[in-house]
Amino acid sequence: MVTLTVNGKQIQAPKGSTILEACRLNGIEVPTLCYDPDLRLAGSCRMCLVEVKGRPLFLASCVAPAENGMVVETESTDIVEARRVVLELLAARHDFNCQTCEKNGDCKFQDYCYQYGVKESRFTDGGRHVYPIDDPNPFIERDYNKCVMCTRCVRACEDITNARAINVENRGHKAKIATAFDGDLADSPCVFCGQCVMVCPVGALTSKVSAGKGRAYEVEKVVTTCTYCGTGCTLELNVKDNKVVGVTSNRSEEYSPVNKGALCVKGRFGWDFIHSSDRLTTPLIKENGEFREASWDEALDLVATRLQAIKEDSGPDSMAVFTSARITNEENYLAQKFTRAVLGTNNVDHCARL
Amino acid sequence: MGKEMRIVLRNADKIDPNSIDDYIKAGGYRALEKALGMERKALIEEVKKANLRGRGGAGFNAGMKWSFVPPAEVTYVVCNLDEGEPGTYKDRTIVQKDPHTLLEGMAICGHAINSQKGYIYCRGEYPYVVEHLNRAIDQARRKGVLGNFDIEVRMGGGAYVCGEETALIESIEGHRGEPRFKPPFPGVAGLWAEPTVVNNVETFANLPEILNRGSEWFKAIGAASYPGTKVLTLTGDVVNRVAIEVPTDTTIRQVIYEFGGGIRNGKKFKAVQIGGTSGGFIPESLLDTPIDFDSMRGIGATLGTGAVLVMDETRDIVDIVTRIAKFFEHESCGKCNPCREGTFRNFEIMTKINRGMAAVQDVEKMSLLCKVMQKACLCGLGQAAPGPIVTTLQHFRHEYERKLLA
Ligand SMILES: Cc1cc2nc3c(=O)[nH]c(=O)nc-3n(C[C@H](O)[C@H](O)[C@H](O)COP(=O)(O)O)c2cc1C
Ligand code: SF4
Ligand code: SF4
Ligand code: SF4
Ligand code: SF4
Ligand code: FES
């Protein structure tokens, strides 16, 4: 353990902790934009700066090791001044339109501007980028006029998905997140998993599928398992007025042991079928070449009778069961159990074997 | 009258830089032999005692830096020949005139930290220096003088920030040239995450003579806290635009008037900027300061790389600082917020002042921005970029005021 003093209070933290980790462990909040515990550290946004006695420079607490005897101030006059300047510098290049922004109410930049009272920037003398918002892909809206250059998306793309579709291009004030040769995501190695959307702290990366359907504070999050494949990722259905309006994910290992928040394009963006008018909501039975709606009992009775008949007429091995990766492992287990124990055949296979 | 003293340039113009035999005849590679016969610990101790402080700008005790390297199977020696600082051409001069003194110095460091591999990161605008170095390395390999230590030259792509040691390492690794946060320092986790010593050309080039003549000899030269000599490169409105090597207790006035021959065309002195683009501007009243690291820091200036840019009475300070601000706006890597946005805003405000379109509030807001950048930026580029603005506001404020709107 190391013991240090933060804002006049003695605190302890495990050896090897950063100052930020030590603070948070002890209930002291420090603002962060680029820090993400699941990604390799950047130490670049400089929001988490703290003052440490005897150090001539401010330290970025997210990357500075906590040391025994350190005397740290997280909200001193100088630190607050520096944070305000950093926020104002970002504000000077930011396209504020919170009123229509998908992230309103769930945006770190908005929160920190509020916390530090940044109404407007002293550094707005022009020079704001006007980037086109025109990536035609159906899933991810990319609006770099709201980007705070935290590079969390770049690191998520590399560290979680390993797609390496995006990186920083150009230097200095011209630096920007881009695919190779600054093209569309579809022409890059992007797999549209949306991990970048998950980690973006502001409204620069948002879901096109959810656009306009509800803000974070308006939806109820229902934890469930993705039904698309046997991986069984945990996700949260965002429900507003009894309708699914989006999917987010929870990165806590406790909630999301299989995927820790990571999803694929199907889980994150492929949920609009739920309220589709084409969707089947009751079983259908075909009679005289025409489908008619039926109840579950009726349909299951029909299947049971027919299977029974086939088994008696032609023997169990005249039947085979083929299951899909779209159902869960447990369901696949039940299907093979049913095939062997009820139908009485070993003719069972699975699409993942193809 | 001040006198030059040549340690790193001891062979300059005396031997054929293309001939390793010439270098050996002049006593070359004897220091390495001596070093190889020493215990690593004793060798590091000797360099530490000499108090040879980094000549690349930060002034850190070289022996101390080496002593932080933990025992490891793979370690690297990296020579910083990025020399991106405008007005600086000392490293090129050293290498062009005596490449083997650098190679020998690197091999000595190699023995001290138990490394078999050295890299020289050469400024992209110096392709002919790369050729020259490769020739020298080839000769040294064939003669077998480097023992089991090998050296490879890598070329930069023209980014100033790649002179910063961790950006340099990223660049050698093939990544975007962006600084890393520290700690971990390169000595612990540097090139490919292995312990790495990064030193400047001039630092390495001092080592052979320190080994030959001993730390006591070296320690007694120049200023006590920053002993030895410093190679300075004179540019601007000075009569002699040359590279000189002088003891570190030489004063700025001696540099300009005795070695530099004074101001060109009989004009009067206005200011001198030392240490490169981020160096502070020094007025007449501070010219009797010795050039050593700590004395310079004491007057709010830097020794930096030892570039000496002299400006005569006709020069427009605000215009010069505006150009400097443009340099930093262009060279910021863009990784951290205060530098990416701050260098841009500084240039914006300086341009406004220079065009006579700014008010005193603009100067105030720039001063605040500078103050924050100096403490908040991730690397030395952003931390030092405000230097020229801050020091000229201090010493030449009237030149700003003349251009402000009423
Ligand atoms: C923006 C920036 C540029 C730098 N450029 C150089 C350079 O061109 N050459 C150099 O030797 N050191 C340069 N440095 C300093 C290096 O980071 C490092 O401190 C130095 O190479 C260490 O060597 P030394 O201890 O021998 O001086 C630069 C530092 C910064 C922040
Ligand atoms: S990204 Fe945040 S601050 Fe920017 S417009 Fe959206 S909600 Fe507002
Ligand atoms: S797009 Fe979002 S995650 Fe990516 S750098 Fe910008 S603000 Fe950060
Ligand atoms: S479809 Fe994608 S998100 Fe859904 S469970 Fe499979 S991998 Fe996970
Ligand atoms: S201070 Fe400037 S050069 Fe250094 S990391 Fe920050 S943006 Fe890059
Ligand atoms: S959160 Fe620490 S630098 Fe960004």
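The values are calculated or read from the model by the stated rules, or taken from the named source; none is laboratory data. Nothing here was measured: the structure is a model prediction, and the numbers come from that model. In this analysis, Cβ positions are derived from the backbone assuming ideal geometry, glycine residues included, and neighbour counts consider all displayed protein chains. Protein only, heavy atoms only, side chains kept; ligands, DNA and RNA dropped before computing areas. Shrake-Rupley method; radii C 1.70, N 1.55, O 1.52, S 1.80 Å.
Compute the distance from the alpha-carbon center of segment B:358-388 to that of segment A:148-194, in whole Å.
Cα centres, segment B:358-388 to segment A:148-194: 30 Å.
Please give me the summed charge of the neighbours of B:C377: other residues whose Cβ is under 10 Å from its Cβ, Lys and Arg +1, Asp and Glu -1.
Result for the neighbourhood of B:C377: +4.
Taking the Cα-to-Cβ direction at B:Y128 and at B:R297 and moving 7 Å from each Cα, how far apart do the two end points lie in nm?
For the pair B:Y128/B:R297, the computed spacing is 3.7 nm.
Consider just the alpha-carbon atoms of segment B:38-138 and return their Rg together with their Dmax, both in angstrom.
14.2, 40
Give me the number: length gained by fully extending A:V222 to A:R164, i.e. 0.36 nm times residue separation minus the C-alpha to C-alpha distance, one decimal in nm. Walk me through the intermediate numbers first.
Details: separation 58, 0.36 × 58 = 20.88 nm, distance 3.09 nm.
Working it through step by step, the gained length comes to 17.8 nm.
Place a point 7 Å from Cα of A:V342 in the direction of its Cβ. Which residues in segment A:298-333 have their backbone N less than 12 Å from it?
In segment A:298-333, the label zone of A:V342 (backbone N under 12 Å from the point 7 Å along Cα→Cβ) covers A:300-308.
Residue by residue through segment A:274-289, what is 3J(HN,Hα) from phi via Karplus (6.51 cos²θ - 1.76 cosθ + 1.60, θ = phi - 60°)? Round to whole Hz and write x for glycine and proline.
Each residue's phi maps through the Karplus curve to give 4, 9, 6, 6, 7, 6, 6, 10, 9, x, 10, 10, 8, 10, 6, x Hz.
If ligands, DNA and RNA are left out, what is the accessible area of A:M70 with a 1.4 Å probe, given in Å² to the nearest 10?
10 Å²
Heavy atoms only, probe 1.4 angstrom, no DNA, RNA or ligands counted: give me B:D13, A:D182 ranked by accessible area, highest first.
Details: B:D13 120, A:D182 65 Å².
Heavy-atom accessible area, descending, gives B:D13, A:D182.
Figure the gain on full extension for A:V265 and A:R306 (residue separation times 0.36 nm, minus the Cα-Cα span) and round it to one decimal in nm. Mind dumping the intermediate values first?
Details: separation 41, 0.36 × 41 = 14.76 nm, distance 3.84 nm.
10.9 nm is the gain from fully extending A:V265 to A:R306.
For segment A:183-191, what does the Karplus curve 6.51 cos²θ - 1.76 cosθ + 1.60, with θ = phi - 60°, yield as ³J(HN,Hα) per residue in whole Hz, taken in order and with x for Gly and Pro?
The phi angles translate into x, 7, 4, 4, 8, 10, x, 4, 10 Hz.
Taking only C-alpha pairs under 8 Å that are 6+ residues apart, what is the relative contact order of segment B:317-401 in percent?
Numbers: 83 pairs, mean separation 29.0, N = 85.
So the answer I get is 34 percent.
Could you give the accessible area per residue of segment B:317-401, probe 1.4 Å, as a whole number in Å²?
Roughly 32 Å² per residue, with all protein chains present.
Express the carbon and sulfur contribution to the solvent-accessible surface of the protein assembly as shown as a percent, rounded to the nearest whole number, probe 1.4 angstrom.
Here carbon and sulfur together make up 52 percent of the probe-accessible area.
What Kirkwood hydrodynamic radius, in Å, does the protein assembly as shown give when the mean of 1/r is taken over all pairs of distinct Cα atoms and then inverted?
30.0 Å
Ranked by accessible surface with a 1.4 Å probe, highest first, in what order do B:T229, A:T77, A:T5 come?
Highest to lowest solvent-accessible surface, that is A:T77, A:T5, B:T229.
Under a plain spin-label model, where a point goes 7 Å from the Cα along Cα-to-Cβ, how far apart in nm are A:C98 and A:D278?
For the pair A:C98/A:D278, the computed spacing is 4.1 nm.
Which whole-number percentage describes the relative contact order of chain A, with Cα contacts under 8 Å and a sequence gap of 6 or more? Provide the component values of the computation, followed by the final result.
On the way: 591 pairs, mean separation 37.3, N = 354.
Relative contact order, chain A: 11 percent.
Do any residues of segment B:171-200 show a loss of at least 30 square angstrom of accessible area between the isolated chain and the full protein assembly, using a 1.4 Å probe, and if so which?
Buried on complex formation: B:R176, B:F181, B:P183.
Can you compute the helix-only [θ] at 222 nm over chain A? Use -39500 (n - 2.57) per DSSP H run of at least 4 residues, normalise by all residues, nearest 500 deg cm²/dmol.
-6000 deg cm²/dmol
At a temperature of 10 °C and a viscosity of 1.306 mPa s, determine how fast chain A diffuses translationally according to Stokes-Einstein, using the Kirkwood radius over alpha-carbon pairs as Rh; express D in µm²/s, rounded to the nearest whole number. Before the final figure, lay out each step's value.
Details: Rh = 24.1 Å.
The estimated diffusion coefficient comes to 66 µm²/s.
With the crude spin-label approximation of a point 7 Å out along Cα→Cβ, what separation in nm comes out for B:N265 versus A:E67?
5.2 nm
Give me a single rounded figure for A:81-90: the average over its residues of other chain Cβ atoms within 10 Å of their Cβ.
6
Quantify how much of the Cα-Cα distance distribution of segment A:221-275 extends past 14 Å, in percent.
Of all Cα-Cα pairs in segment A:221-275, 46 percent lie more than 14 Å apart.
Tell me the total accessible area that A and B bury against each other, 1.4 angstrom probe, in square angstrom rounded to 100.
3100 Å²
Show me A:200-210, A:26-36, B:257-267 ranked by packing, highest mean number of other Cβ atoms within 10 Å first.
A:200-210, A:26-36, B:257-267
Under 20 °C and 1.002 mPa s, how fast does segment B:145-278 diffuse according to Stokes-Einstein, given a Kirkwood radius computed over C-alpha pairs? Answer in µm²/s, whole number.
Details: Rh = 18.1 Å.
Diffusion coefficient, whole number: 118 µm²/s.
Which one of B:C377, B:V360, B:V390 is farthest out on the positive end of the charge dipole of segment B:317-401, using unit charges on Cβ (Lys, Arg +1; Asp, Glu -1) and the Cα centre as origin?
Farthest towards the positive pole: B:C377.
At a probe size of 1.4 Å, how large is the accessible area of A:K108, to the nearest 10 Å²?
In the full protein context, A:K108 sits at about 60 Å².
Which order do B:D16, A:D143, A:D95 take by accessible area at a 1.4 Å probe, largest first?
Final ranking, largest accessible area leading: B:D16, A:D95, A:D143.
Could you tell me the ratio Rg/Rh of chain B? Both radii from Cα atoms, Rh via Kirkwood.
For chain B, the value is 0.98.
Run the 1.4 Å probe and let me know the accessible area of B:W192, rounded to the nearest 10 Å².
110 Å²
Do any trypsin sites (Lys or Arg not before Pro) in segment A:17-74 lie in a DSSP loop with no more than 14 other beta carbon atoms within 10 Å, and if so, which?
Working: sites: A:R24, A:R40, A:R46, A:K53; in loops: A:R40, A:R46, A:K53.
Hits after loop and neighbour filter: A:R40, A:K53.
Working from the alpha-carbon coordinates of segment B:317-401, get Rg over Rh, Rh being the Kirkwood radius.
0.94
What's the average, rounded to a whole number, of partner chain beta-carbon atoms within 10 Å of each residue's beta-carbon in A:121-127?
Details: counts 2, 7, 10, 1, 8, 1, 5.
Per residue, the average neighbour count from other chains is 5.
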